Amino acid sequence: MKREEFTILESTAVPLPLANIDTDQIIPARFLSATVREGFGEKLFRDWRFDGEGKPIPGFVLNRPEFRGEILITGSNFGCGSSREHAVWAITGHGFRAVVSDSFADIFMNNALNNGLLTVTVTPEFLAQLTELVAARPGTMLRIDLPEQVISVPGAGLSSGFPVNPFRKECLIRGLDNIDYLLSMKDEILAFEKSRQS
Amino acid sequence: MSGKTLFDRIWDAHVVRSVTGGPDVLYIDRHYIHEVTSPQAFSGLRERGISVLRPGRTIATADHNIPTLNQHLPIADPVSRNQVETLEENCRTGGIKYFGMGDPGNGIVHVTGPEQGYTLPGMTIVCGDSHTSTHGAFGTIAFGIGTSEVEMVLATQCLLQSRPKQMRITVKGKLREGVTSKDLILYIIASLGTGGATGYFVEYAGEAVRRLSMESRMTVCNMSIEMGARGGLIAPDEVTFNWLAQIPSVSENREFARLVHEWHSLRSDRGAHFDREVTFDASEVPPMITYGTSPGMGMAVDGTIPTPEESASSAQSASGSYLKSLDYMGFKPGMRLLGHPIDYVFLGSCTNGRIEDLRLFTEAVAGKKKAAGVTALIVPGSQQVARQAEREGLTETLRLAGFEMRQPGCSSCLAMNEDKIPAGKYAVSTSNRNFEGRQGPGARTLLAGPLVAAAAAITGRITDPRELNWLQ
């Protein structure tokens, strides 16, 4: 199945500079009973975003009209905890296409890349600079260039490279689906099974 | 000359193809599924017009959202009921073995898999659940995956995975009296931090680990993910083989003796290279409790909550997340928790819902009475655990002490069902996560082992379990 291609993303960003944001915060467990992938965007950060009566909590960044965009800037160890892919569906469902941090939890990163959500890992220093800049100047444009592996703030002369696994990068740029890749290997998989039986 | 680690040995035997510059294509021996993270994977297969490649390698159970009372009735919540029925239907059409609610083989996926002999040394094992690391206790490569990956495994019995870095955690010496394997793993996580093992697969070794029962080893491996590790594993030994020999479907296999012989080779070579080595002294591990909203925020039950500067995780203090976390818990740096009143006690989950946990808890509360103000949820990890607890008289001893045994499921660990802790209430919980709202919106979770939980249930306060014998 063809996915959306990811090459260059230019967008404003939303800063959420907290460490260890776990997937229970991104999407609380009580919303996991659905059997489809859609509809999780409105539940993103539900208990930080809305109070018990469902009213928006004014201070939370997603409720502040000055912060909009397709890039989420966050803190260390983002996406730790539960393996729920619903967390990625909530983030993409809300309209984000990239998340920037200095570290991501392993399962979250795999889930993100499998859904075309780019995880951009930068140094703690760059992350601090970027967060400060965006928090002070909402509406700042960021540019993420995946082919070149560079994230930059063109207006501020700030830029940094970021690592991406070459295979994953190719899949994202061409919108390729990993399951199609594995399905194309079926004969090799069957041969492997056979070799283990002998 | 550097030899192979146990991890290398298992991984290398399962690589179907190494992708240049990319992840390996890894063959998966055992795939566990449950109702929450599988429905979208099955719909993915339908959209592609393909079927499950190897139905015999997948085992299904309903555990996450099922009630722990009145399991003979249909699930009251229509959304949860639909999810469980969807799993049942997907298993029926996919030819997958399914243990539904109320089935004698039902329970939490990481409890039932091993007890039924579906988890065996040397396997690669995955499940759409981060606590799949539990199965590493048998000397397997076991880790949690997302739903897209569940679909990959259903479709091809393979996964694309990058080889993680490797860490060995050696625990020397012996655990002290009144200290459990849960205390040990909480101690390790508190030392390394919530992201301290991110990118690594951990091998647990050393005398203290060798001395642990299989149940205790599962508790340790279970929480590997809480320090960010991809998984954790322990080389199989006589403890493992004797445990497996008790399972009829395993020991009655004509190949069992040959398999045990092969499993003896599942160990790290002397001189094998680990990217990181960490050593702990078991005799220094106290009964533990967590005070914050990440599992790394743990301390001795009689300890003092550290200041942000003293806290192990600098990232937490740097961003103010540490104080936000304490604020959520209603705690302050420098506070002691001993004697702090609590409202709920939860014994259960894939971390501490096994027979050994029920035995420990029961032994500690036997002949005493549950504190009047405490609501206790005692939830066996599986139907088999529940039956054994009944046979051993644990259920009756617990009843006399004022505790009612629930029916098996994930229950209050993630509170997808009705077993929620109300906002602002304190729960001493033997589960694995103290995240904000994990046990219900606003719930305040203090993670601990079965003995600390038992002591809290009896006194209604945070209590050092080593003091429990002096009560009454």
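Observations
- Here is the figure for segment B:293-313: residues that are open to solvent by less than 40 Å² (accessible area, probe 1.4 Å) and either in contact (Cβ under 8 Å) with a residue 40 or more places away in the chain or part of a loop (DSSP other than H, G, I, E, B) (or both) total 14.
- Residue under evaluation B:Ala423, criteria (1) closer than 16 Å to B:Met297 by Cβ; (2) free of Cβ contacts under 8 Å to residues at least 60 places away in the same chain, criterion not met: (1)
- Strands (runs of 3 or more DSSP E) fully within segment B:188-292 counting 1 or more residues that are among the hydroxyl-bearing types (Ser, Thr, Tyr) and touching a Lys or Arg at 6+ places or on another chain (Cβ under 7 Å): B:200-205, B:276-281
- Take the conditions (1) closer than 22 Å to A:His86 by Cβ; (2) of a type in the set (Val, Ile, Thr); (3) open to solvent by less than 60 Å² (accessible area, probe 1.4 Å); (4) at the interface with chain A (Cβ under 9 Å from one of its Cβ atoms); B:Val79 misses just one of them, which is (3).
- Lone qualifier among B:Thr93, B:Thr86 - being under 19 Å from A:Arg37 (Cα atoms), assigned to a helix (DSSP H, G or I), hydroxyl-bearing (Ser, Thr, Tyr) and at pLDDT 95 or above: B:Thr86
- Just one of (1) farther than 21 Å from A:Val88 by Cα; (2) in contact with a Pro (Cβ under 8 Å, 6 or more places away or on another chain); (3) buried (at least 16 other Cβ atoms within 10 Å of the Cβ) fails for A:Gln149. It is (3).
- Of all the residues in segment A:90-103, those that are within 14 Å of chain B (Cβ to nearest Cβ) and open to solvent by less than 10 Å² (accessible area, probe 1.4 Å) number 3.
- Condition met for B:Gly128 (in contact (Cβ under 8 Å) with a residue 24 or more places away in the chain, in contact with a Ser or Thr (Cβ under 9 Å, 6 or more places away or on another chain) and surrounded by fewer than 24 Cβ atoms within 10 Å (Cβ to Cβ)): no
- Leading residue by the ranking (most open to solvent (accessible area, probe 1.4 Å)) among those in segment A:1-30 that are among the charged types (D, E, K, R), farther than 25 Å from A:Leu133 by Cα and within 14 Å of another protein chain (Cβ to nearest Cβ): A:Lys2
- First in segment B:73-85 and hydrophobic (A, V, I, L, M, F, W, C), second anywhere and open to solvent by 70 Å² or more (accessible area, probe 1.4 Å), Cβ under 8 Å, 6 or more apart: B:Ile75/B:Arg81
- Pair list, Cβ under 9 Å, 6 or more apart: segment A:140-151 residue touching a residue at least 40 places away in the same chain (Cβ under 8 Å), other residue open to solvent by 50 Å² or more (accessible area, probe 1.4 Å) and charged (D, E, K, R): A:Met141/A:Glu10; A:Leu142/A:Glu10; A:Arg143/A:Glu10; A:Ile144/A:Glu10; A:Ile144/A:Arg97; A:Ile151/A:Arg143
- All positions within segment A:152-183 that are assigned to a loop (DSSP other than H, G, I, E, B), open to solvent by 50 Å² or more (accessible area, probe 1.4 Å) and at pLDDT 95 or above: A:Pro163
Yes or no, residue by residue, for (1) away from chain A (no Cβ under 14 Å); (2) modelled with pLDDT of 95 or more; (3) within 21 Å of B:Arg217 (Cα to Cα):
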residue	(1), (2), (3)
B:Ile305	yes, yes, no
B:Pro308	no, no, no
B:Gly320	no, no, no
B:Leu323	no, no, no
B:Leu326	no, yes, no
B:Gly330	yes, yes, no
B:Arg336	yes, yes, no
B:Lys368	yes, yes, no
B:Glu390	yes, yes, no
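- The number of residues in segment B:428-471 that are of a type in the set (D, E, K, R), more than 14 Å from chain A (Cβ to nearest Cβ) and in a loop (DSSP other than H, G, I, E, B) comes to 1.
- Checking each residue in segment A:1-37 for being acidic (Asp, Glu) and in contact with a Phe, Trp or Tyr (Cβ under 8 Å, 6 or more places away or on another chain) picks out A:Asp22, A:Asp24.
- Test: residue in segment B:34-42 that is more than 25 Å from A:Glu193 (Cβ to Cβ), under 26 Å from the mean Cα position of the chain (by Cα), outside any loop (DSSP other than H, G, I, E, B) and at pLDDT 95 or above: yes
- Taken together, the criteria place B:Gln407 among residues that are within 29 Å of B:Gly442 (Cβ to Cβ) and open to solvent by 30 Å² or more (accessible area, probe 1.4 Å).
- Qualifying residue in segment B:46-57 (condition: facing chain A (nearest Cβ under 9 Å) and small (Gly, Ala, Ser)): no
The values are calculated or read from the model by the stated rules, or taken from the named source; none is laboratory data. Given the structure is predicted, the values throughout are model-derived calculations rather than measurements. Using ideal geometry, Cβ is built from the backbone for each residue, glycine included, and neighbour counts are taken over all protein chains shown. Just the protein is used for accessible areas: all its heavy atoms, side chains included, with ligands, DNA and RNA removed. Shrake-Rupley method; radii C 1.70, N 1.55, O 1.52, S 1.80 Å.
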